[in-house]
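Derivation of every value follows stated rules applied to the coordinates shown; laboratory data play no part. The shown structure was predicted, so the numbers you read here are calculated from the model rather than taken from an experiment. Cβ: placed from backbone, ideal geometry, glycine included. Neighbour counts: every protein chain shown.
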Amino acid sequence: MNLLTLRCEQQAALFAHLRLPLPKAMGDPREVVLGIRPEHLCLLEKEDAQGVRGTVDLVENLGMSRLLRIKVEGYDLRLRMLLPADQPWSGEAVIFGVPRDRLHWFDSQTQVRWG
């Protein structure tokens, strides 16, 4: 799982240019840990306001799938994304989506999972 410590403001976590709403039970923390599984990130075919730009810096062929390591553009963040081997993909520059219903939130102090 990708685990990212993110800064928060006004009940939203800041990830790249996105403001990700936090579960109400978390209140208004200063930072949280965002967990997202590599298989839940998705490539976007075109520019999208909810998409995040990145650069692929490593590809590992796993047979039925490929594991990509992506550096988020403009930030010191790296994520792993799992793609089916038959999914078309080329080049180093990518735009990927972060499905809101697949996010896992953790308290950065206690490590308690919030949703």
Selection within region 19-41 - surrounded by 16 or more Cβ atoms within 10 Å (Cβ to Cβ) and hydrophobic (A, V, I, L, M, F, W, C): 20, 22, 26, 32, 33, 34, 36, 41
Looking only at region 75-101, and only at residues there that are in contact (Cβ under 8 Å) with a residue 60 or more places away in the chain and surrounded by 17 or more Cβ atoms within 10 Å (Cβ to Cβ), the one that is nearest to residue 45 (Cα to Cα): 98
Options 27, 91, 35, 97; residue that is small (Gly, Ala, Ser) and in contact with a His (Cβ under 8 Å, 6 or more places away or on another chain): 35
Selection count where residues are surrounded by 16 or more Cβ atoms within 10 Å (Cβ to Cβ) and touching a residue at least 40 places away in the same chain (Cβ under 8 Å), scope region 54-73: 2
Condition check for residue 72: within 22 Å of residue 7 (Cα to Cα) and among the β-branched types (Val, Ile, Thr): yes
